[in-house]
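Some notes on the structure that comes next.
The values are calculated or read from the model by the stated rules, or taken from the named source; none is laboratory data. Computed from a predicted structure; not experimentally measured. Ideal geometry is used to build each Cβ from the backbone, glycine not excepted, and the neighbour counts take in all protein chains shown. Accessible surface areas use protein heavy atoms only, side chains included; no ligands, DNA or RNA. Shrake-Rupley method; radii C 1.70, N 1.55, O 1.52, S 1.80 Å.
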Amino acid sequence: MSATADTPKSRLAALVADLAVVHGRVTLASGREADYYVDMRRATLHHEAAPLIGHLLLDRLEEEGFGPQEIDAVGGLTMGADPVAAAMLHAAASRGLELDAFVVRKSAKTHGMGRQVEGPDVAGKKVVALDDTSTTGGSVLQAVEALRAAGAEVVACAVVVDRDTGAREAVAQTGLPYLWILDTADLGLPATR
């Protein structure tokens, strides 16, 4: 499949389906079982997929009013969100736009600066919490909690792949917008509700 014949979104869907979807019975981070696993690091760290992710997610945020003119930084819980945030930072820079990235540790460091949110200071900044894929929304919501504790104003949550298994609803209960590029239908997969 050539990238020029496809839309960027359809090309990303093909890459994610080919690179990241692993079929077989697995237990997800949420504790749920599924017949497939979406190992997004296989796509978020891929030479073609990563730039597509950065540009498509940047476009999606801009469409919803959360572009680099409205927000200061993006990031989320390590390690799934790390390459996504880096891809967005680079996509913005390639367009002459300023957008910082950050990393949210699972817990604050017990040495050094003792920070849970690493990178440029997020206190008083408008940020979007990211993840590579989401089942229940637990990881992105854990990032939201840490970001708020660090003084950030979280304005939205965004993921590359939404598994259509409850994350949308969980994030909606917080009042935050929830955005995604691809869902299970885009990947030709059944939802695992």
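From the square roots a ≥ b ≥ c of the eigenvalues of the alpha-carbon gyration tensor of segment 35-128, which class results: rounded (a/c under 1.5), prolate (a/b over b/c), or oblate?
Oblate.
Which whole DSSP H helices in the chain pass both tests: a Cα extent of 15 Å or more along the axis and a mean Kyte-Doolittle value no lower than 0.5?
8-19, 82-94, 138-149
For residue 153, what is the net charge nearby, where nearby means another residue's Cβ is under 12 Å from its Cβ and Lys, Arg count +1, Asp, Glu -1? Working shown, then result.
Details: positive: 125, 126, 148; negative: 70, 72.
Charge balance near residue 153 sits at +1.
May I ask you to give the percent of accessible area on segment 1-58 that is carbon plus sulfur, with a probe radius of 1.4 Å?
55
Between the alpha-carbon centers of segment 1-73 and segment 124-193, tell me the distance in whole angstrom.
13
Which of the lysines could a cross-linker bridge to residue 106, judged by Cα under 29 Å and excluding same-chain residues fewer than eight apart?
125, 126
Which loop-located trypsin sites (Lys or Arg not before Pro) does segment 3-46 contain, where loop means any DSSP state but H, G, I, E or B and the Cβ has at most 16 other Cβ atoms within 10 Å?
Numbers: sites: 9, 11, 25, 32, 41, 42; in loops: 32.
Here the sparse-neighbourhood loop sites are 32.
Give me the percent of DSSP beta bridges within segment 64-183 that run antiparallel, rounded to the nearest 5.
So the antiparallel bridges in segment 64-183 amount to around 10 percent.
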